[in-house]
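Accompanying notes for the structure given below.
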Amino acid sequence: MSSEFEPETVYDMVVVHRENDVRVVTLQLFQLYTLRKLGPPFKPVIPFGPHLFGSGKTKFIQSYLELVNNMGESALIGLDYVCESEKANRRGFLEKLKRASVLYADLRQLKPTDPKEFLRNLKWAVYYLLIKAAHSQVGAEILSKKEAFEKVDMEPSNLVPLLRDILRIPSDQYLLIAFDEVGVLDESLDEFHFKRTHDGRVRPYNDFFGIISQLCEEPDLFFIVVGKSEGLNIYNYVASVSRVQLVFIPLSPLEKHSIVEHLEKSSSFLFTRSPKVSEILCHKDFSTSELAELLLELTGGVPGLLVRAISYLLLYKSSNNNFLLSKETFLIIMNSFLVTNYCVATFLPRLISLSEQRKRLLRMLTLLSLYRIRFDFDETVQISSNSDVFLFDLVTDMCLYRRLVIEPDRNERYEVLIPKLLIEYIDQGLKDDRLEWLLLQTLKSQSMEFFYESKCRILEGLIATLFYLHFSRHPTNSSMFSTLGQLSRVWNEMNLQFSSESAAYYMKSIHYTRTVSGTERMTFGSKMKWERIMKEMLEFEKIYIPFHSTSHSPDILFKLHGRTNEKNLMIVGIACKGRWSRNGIRWNEILEEAHKFLKPVHDQVLTSHPTWHCMLIIMSTKLATNVSEDLNHSSRCYSFGDSVGEFLIPHNCELVILSEADVENFIGKDILSNLRNAFKSVDNPHSRNIGISTLQEIVLSLSKNIKEYLVLISENFSKDRHFQKSSEIGGCFIRHCQKLYQT
């Protein structure tokens, strides 16, 4: 199906929300125009889009001039901040740019080209590719290789006039050459005679951009280059060797309002009179806004995934004319394997061919995405003892996406985006990686709005993940389980655990209600909400980390069941108090947390369920000196009837204050120390604050928790000979555990 019905044959896709990208490109073209006026020597500026499949590269460069014309003067930033003569200069450039001619060249068509003496010469191959592309664009007969070579004679001053003649454009009209699929140069090492470095390596991009650099000396000629590639590596080598300045085109995923615009402006060829997509798929009971929200949730706003999802819905509608789309039918249709395969078909070769080395790094990238940790443009990751890779490039290499974030201080940073459509396929390729399964399923449960709006919640996320791993596996062997058992008699007697693995699907879940406007979000906003919220939490296996912290919510909330008595249930709230300076958490803050959580839970939930209990755990990275001294530098549990200041612990409730030593033991001394250093300087640290090595250490720590469980469970089943003899399942399970442990 994916080969028979490409999106281009289903509907006419209108490019939206590319204003920022247009401004970036137009400014760089203007810079080249200015440098050329100053005269040689100069360092040409080339807009460069090194993005993964589906990021909208090709559609953008093909639609660039149309977007420039639609935007008018706003396509070139800076007009309001320059003198009148410079304004006139910029406006003159912009007016000529609007009338420019675009020559699109697909580098997948780049081949070694006769004559023999230049057969493996990249420069001649690029020249002839441009000549062929120009002929194809106007429908003219293509010059023979021999005739073309004689006319051009390997000189830029001969090539450019020839291209203008073929395209039938005057000598003073701007010509914009758009190179696509530049990543094929990685696969052409044996096809051309590339220059070699002093250590014998070849850098095909240096050769390629060197050719462009020579062409940039020709008047009224401009370039855009896009294609999946190791962009930052290319950026650095090209800048130092080929004397070309590459400027990245962000091409960020679309947000909801842009998807709405896309649906309202794009038309489908499958229906009479080519109506707009929104008119075909939406109706009075299912708005364009609702459809856009669902598409954003599924695709992450990645253009390639988005247009394939829309195409499938249009195909489905064309064969089921009476079909009415709704949220329920959308989820049923789009969750089928057939649809997922159709949407991600172009990505599959990359997804299933990741090296083992890259797979090990996937956990760290998933953590970056899950905890919303931003990274810098030039940050590196160590992948072996003597090899580093740019995180910017690693995201592309792992078939994931980047989202550019411009922070209040105007610094540009990136976030890792893993669209939900891809999670299923990544998960399929990593069936034996238990931690990656947990992280991906956790990520899959998140609202896409959370990705766009949340601040970094690494401390809460890390603690929630650790609690899940400790209590869903083999809790009686967990250090935290043991600590709580020693502190609380009730905890010990109830013999608690998560009831099933389903809790993992709701890790870091967001729970909020919407008003009609869709702008107000609430977690635990008032006492009236508690009964409904508790009912929902108790019905499903969820670990909540509220979207916004409010006056009625702990940072983490989940439930545990008694192993021997299912009627026993413990509602657990964790107040994660990150204190990164000298001042630790004070008694009044502890009492505030206890009062806002234990009392309403007791009054509205526990009074009608005598076998249920509630525990609030204060988990602070630093306690105030007087608090530590009052607790004798140890963890302590306050039970029913105990007074903590003026607060009396309610019936079936407990307040646990963990010592700094127990918190450190649970999270990890080095990890906590690095987090403390990161949070000292900023409230929302990025990866350079935290340290990539810290993130890798967190992954190792989480992996260790899983391995310890697998060793214990494998040993227990290995000892149970009766189970093995009575069923083949036992042996299969042992082998599976051993395989997971080795992984």
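A few points about this structure:
- Scanning the stretch 403-426 for residues that are in contact (Cβ under 8 Å) with a residue 24 or more places away in the chain and in a strand (DSSP E or B) yields Arg403, Leu404, Val405, Glu412, Arg413, Tyr414, Glu415, Val416, Leu417.
- Options Ile224, Ile211, Ile234; residue that is within 35 Å of the chain's Cα centre (by Cα) and in a strand (DSSP E or B): Ile224
- Filtered residues of the stretch 155-170 (kept if in a helix (DSSP H, G or I) and among the charged types (D, E, K, R)): Arg164, Asp165
- Some residue of the stretch 651-659 being among the aliphatic types (A, V, I, L, M) and surrounded by fewer than 16 Cβ atoms within 10 Å (Cβ to Cβ): no
- Per the listing Ala140, Ala125, the residue uniquely out of contact with any helix residue (DSSP H, G or I) (no Cβ under 6 Å at 6 or more places or on another chain), surrounded by 19 or more Cβ atoms within 10 Å (Cβ to Cβ) and not charged (D, E, K, R) is Ala125.
- Of the candidates Gly210, Gly183, the single residue that is within 23 Å of Lys57 (Cβ to Cβ), touching a Gly at 6+ places or on another chain (Cβ under 6 Å) and not polar (S, T, N, Q) is Gly183.
- The set of residues in the stretch 623-646 that are buried (at least 16 other Cβ atoms within 10 Å of the Cβ) and touching a strand residue (DSSP E or B) at 6+ places or on another chain (Cβ under 8 Å) comprises Leu623, Ala624, Val627, Ser635, Arg636, Cys637, Tyr638, Ser639, Val644.
Residues are listed down the side, and each one gets a yes or a no for (1) open to solvent by less than 10 Å² (accessible area, probe 1.4 Å); (2) of a type in the set (S, T, N, Q):
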| site | (1), (2) |
| --- | --- |
| Phe208 | yes, no |
| Ile212 | yes, no |
| Pro219 | no, no |
| Phe222 | yes, no |
| Ser229 | yes, yes |
| Leu251 | yes, no |
| Lys256 | no, no |
| Leu263 | yes, no |
| Thr272 | no, yes |
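- Residue within the stretch 40-56 that is in a helix (DSSP H, G or I), open to solvent by 20 Å² or more (accessible area, probe 1.4 Å) and not assigned by the TED database to the domain that holds Ser278 present: no
- Scanning the stretch 359-389 for residues that are more than 26 Å from Arg18 (Cα to Cα), part of a strand (DSSP E or B) and touching a Leu at 6+ places or on another chain (Cβ under 6 Å) yields one hit, Val381.
- Set Ile131, Ile169: member being farther than 16 Å from Phe208 by Cβ, open to solvent by less than 60 Å² (accessible area, probe 1.4 Å) and in contact with a strand residue (DSSP E or B) (Cβ under 9 Å, 6 or more places away or on another chain): Ile169
- The set of residues from the stretch 620-651 being within 18 Å of Phe597 (Cβ to Cβ) and either in contact (Cβ under 8 Å) with a residue 60 or more places away in the chain or outside the structural domain of Gly584 (by the TED database) (or both) comprises Arg636, Cys637, Ser639.
- Of all residues in the stretch 579-601, those satisfying the criterion of being closer than 23 Å to Gly645 by Cβ and surrounded by 18 or more Cβ atoms within 10 Å (Cβ to Cβ) are Arg579, Gly584, Ile585, Ile590, Glu593, Ala594, Lys596, Phe597, Leu598, Pro600, Val601.
- Residue in the stretch 78-124 that is nearest to Leu32 (Cα to Cα), counting only those that are at pLDDT 85 or above and part of a loop (DSSP other than H, G, I, E, B): Ala100
- Single residue of Leu417, Leu391, Leu370 found to be closer than 17 Å to Ile458 by Cβ, modelled with pLDDT of 85 or more and among the aliphatic types (A, V, I, L, M): Leu391
- Checking each residue in the stretch 68-77 for being open to solvent by 20 Å² or more (accessible area, probe 1.4 Å) and assigned to a helix (DSSP H, G or I) picks out Asn69, Asn70, Met71, Glu73, Ser74.
- Here is the figure for the stretch 125-154: residues that are part of a helix (DSSP H, G or I) and either more than 24 Å from Phe222 (Cβ to Cβ) or in contact with a Cys (Cβ under 9 Å, 6 or more places away or on another chain) (or both) total 5.
- Tabulated pairs, the stretch 656-676, first under 12 Å from Gly691 (Cα atoms), second in a loop (DSSP other than H, G, I, E, B), C-beta under 6 angstrom, 6+ apart or interchain: Asn674/Gly691; Arg676/Trp580
- Of the residues making up the stretch 604-622, those that are open to solvent by 10 Å² or more (accessible area, probe 1.4 Å) and within 30 Å of Ser673 (Cα to Cα) number 1.
The values are calculated or read from the model by the stated rules, or taken from the named source; none is laboratory data. Please read all numbers here as calculations on a predicted model, not as lab measurements. Glycine gets a Cβ as well: all are built from the backbone with ideal geometry, and neighbour counts include every protein chain shown. Note: accessible area is taken over every heavy atom of the protein model, side chains too, but ligands, DNA and RNA are not part of it. Shrake-Rupley method; radii C 1.70, N 1.55, O 1.52, S 1.80 Å.
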